[in-house]
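Trainee: Dropping the structure in here first, questions after.
FYI, it's all coordinate maths here, none of it is from the lab. Note that the coordinates shown come from a computational prediction; the quantities given were computed from them, not determined experimentally. All Cβ positions, glycine included, derive from the backbone under ideal geometry; neighbour counts span all protein chains shown.
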Amino acid sequence: MDPGQVDELAEEAAKLTIEELGEARKRLGFCTAEGHAITGFPYPPERPLFYAKLRTKAVLRQEARTQQFAYEGLEKMPPDKRHGIRVPRVLRLVENERGNGFIIMEYVHGETLKSILARPNSPTYGDVQPYFDRISKALRLFLEIPVPADAKPGPCGGGIIHHTFYKDFEAAIEYESIDMLEAHLNKLATFINKAAPTLTLERELHLVYSDLHEANFLFRGDDLYVVDFDHAALLPLSYMAFALRFPSIASMTVAGHIRHDFDLPQDNQAVMAKINGFMGMAVSRIGLPLEGYPNTGPEKKRMRRPFPVPEQNRADEKPRMASES
């Protein structure tokens, strides 16, 4: 998209209001026929210019920052290196007084990998492998995007890590540093047996994209657009290795096709798998507080304010894409 088109889109996006987007979502309904929450939609419906993604205050800004970080990181790479790999540009956020709202990004009309794999005439391995090759290329390019030296583990600009490694895909606390993250993981690794093996995380952060659901990869012509950055974060490489080696059920197909393309450290995987299983059976704040980190003490109870959509729509369901309408 050329700069002129982007400027025009930004001008149009600036006119959007929370009221009109809320009404548009109500007209769509809150769930698909299969019972999946509709968390995103093309807008305006007659001639879409934008994709509007509904997010709560807890994740709205951190997801938008991380998606824009990926977009800008790709844009700074030589064109021949990033050829065919794209991320929709974030144009603005539209929020209500409680901080909930919509991420407004450029609309991309294409076909998801999920739709491609579900075509009536079952595609052969040779038919689909080029799609997986592009996904592999995209995630490897993300790992190459330079990360600021003062960045903390988590979404760009700070926030809670969302990754398949954690119980319910969400870390219990924010981490100030890799040292703090490592200290928590090793406390969990030795929680029952103090002599159990521990891990040593890599000391550099990379943009790790861990949600490999087939609906997150949108193809238009020769281009792949990677969408949904809720489970993307700046993390040590061991987290990318874990996402590929121990994927969630929804990520298994993609992980199985691309993991052989990655040369990632494996030394921490056995310990991480043990910690992952332990967290799955424990309370979310197991291993806290951490010695030397006073802000990791007991969580303060707070009044939860109601969000004006049905409760089931807060789940991490995949947004329904235009090609799946």
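Trainee: About the Cα centre of the chain, how large is the charge dipole given +1 on each Lys and Arg Cβ and -1 on each Asp and Glu Cβ? Please answer in debye to the nearest 20.
Mentor: Dipole of the chain, to the nearest 20 debye: 980 debye.
Trainee: Once the mean 1/r over all distinct Cα pairs of the stretch 169-270 is inverted, what Kirkwood radius in angstroms do you read off?
Mentor: 15.2 Å
Trainee: OK, next. What do you get for the angle between helix 18-28 and the principal long axis of the chain? Use alpha-carbon atoms, 0 to 90 degrees, nearest ten.
Mentor: It works out to around 80 degrees.
Trainee: Once you put a point 7 Å from the Cα of residue 118 and another 7 Å from the Cα of residue 204, both along the Cβ direction, what distance in nm separates them?
Mentor: The answer from the label model is 4.0 nm.
Trainee: I would also like to ask the following. So what J values fall out for the stretch 169-184 if you push phi through Karplus, 6.51 cos²θ - 1.76 cosθ + 1.60 with θ = phi - 60°, rounded to Hz, Gly and Pro as x?
Mentor: Result, ordered by residue: 6, 9, 5, 7, 9, 7, 10, 7, 6, 5, 4, 5, 4, 5, 4, 5 Hz.
Trainee: Something else about it: List the residues whose amide H sits under 5 Å from the amide H of residue 40, counting only those 5 or more places along or on another chain, with H placed 1.01 Å from N in the peptide plane.
Mentor: Residues meeting the amide H criterion: 54, 320.
Trainee: Related question: With angles folded into 0 to 90 degrees, how steeply does helix 3-13 sit against the dominant principal axis of the chain? Use alpha carbons for both and round to 10.
Mentor: 90 degrees
Trainee: If you plug each phi of the stretch 143-154 into the Karplus form 6.51 cos²θ - 1.76 cosθ + 1.60 with θ = phi - 60°, what whole-Hz ³J(HN,Hα) values come out, in order, with x for Gly and Pro?
Mentor: The phi angles translate into 5, 8, 5, x, 9, x, 4, 8, 5, 9, x, x Hz.
Trainee: What value, in deg cm²/dmol to 500, does the helix sum -39500 (n - 2.57) over DSSP H runs of n ≥ 4 give at 222 nm once divided by the residues of the chain? Write out the running numbers ahead of the final one.
Mentor: Working: 10 runs with 108 residues, N = 325.
The per-residue figure over the chain is -10000 deg cm²/dmol.
Trainee: Based on the alpha carbons, how large is the Rg to Rh ratio for the chain when Rh follows Kirkwood? List each step's numbers first, then the result.
Mentor: On the way: Rg = 20.0 Å, Rh = 20.9 Å.
Checking Rg against Rh, the ratio lands at 0.96.
Trainee: For each pair in 81/114; 76/137; 76/114; 57/114; 57/137, compute the distance between the two Cα atoms and list the pairs where it is over 21 Å.
Mentor: The answer is 81/114; 76/114; 57/114; 57/137.
Trainee: Still on this structure, I have one more. With Rg and the Kirkwood Rh both taken from Cα atoms, where does Rg over Rh land for the stretch 3-109?
Mentor: Taking Rh as the inverse mean 1/r over Cα pairs, Rg/Rh reads 0.99.
Trainee: Take peptides 205-217, 284-296, 239-251 and line them up by average Cβ neighbours within 10 Å, highest first, as a rough protection proxy. Each step should come with its number before you reach the end.
Mentor: Numbers: 205-217: 22.9, 284-296: 14.3, 239-251: 19.9.
Highest-to-lowest ranking by the protection proxy: 205-217, 239-251, 284-296.
Trainee: Please give, to one decimal in nm, the separation of the simple spin-label points placed at residue 145 and residue 222, each 7 Å out from Cα toward the Cβ.
Mentor: Roughly 2.3 nm, to one decimal.
Trainee: Rank these for me by crowding, 281, 105, going from fewest to most other beta carbons within 10 Å.
Mentor: 281, 105
Trainee: What number, in percent, do you get for the relative contact order of the stretch 3-109 if the mean sequence gap of Cα pairs under 8 Å and at least 6 apart is divided by its residue count?
Mentor: Numbers: 130 pairs, mean separation 32.8, N = 107.
Rounded, it is 31 percent for the stretch 3-109.
Trainee: If you don't mind, another one. Count neighbours as other Cβ atoms within 10 Å of each site's Cβ, and list the trypsin sites (Lys or Arg not before Pro) in the stretch 23-91 that are DSSP loop with at most 11 such neighbours.
Mentor: Answer in residue order: 76.
Trainee: Could you work out the relative contact order of the chain, using alpha carbon pairs under 8 angstrom and six or more residues apart, expressed as a whole percent?
Mentor: For the chain, the relative contact order is 22 percent.
Trainee: Based on the alpha carbons, how large is the Rg to Rh ratio for the stretch 85-131 when Rh follows Kirkwood?
Mentor: Rounded to two decimals, Rg over Rh is 1.22.
Trainee: In addition: Among 69, 30, 50, determine the one that fluctuates most according to a GNM of the chain built with springs between C-alpha atoms less than 10 Å apart.
Mentor: Looking only at 69, 30, 50, the largest GNM fluctuation is found for 30.
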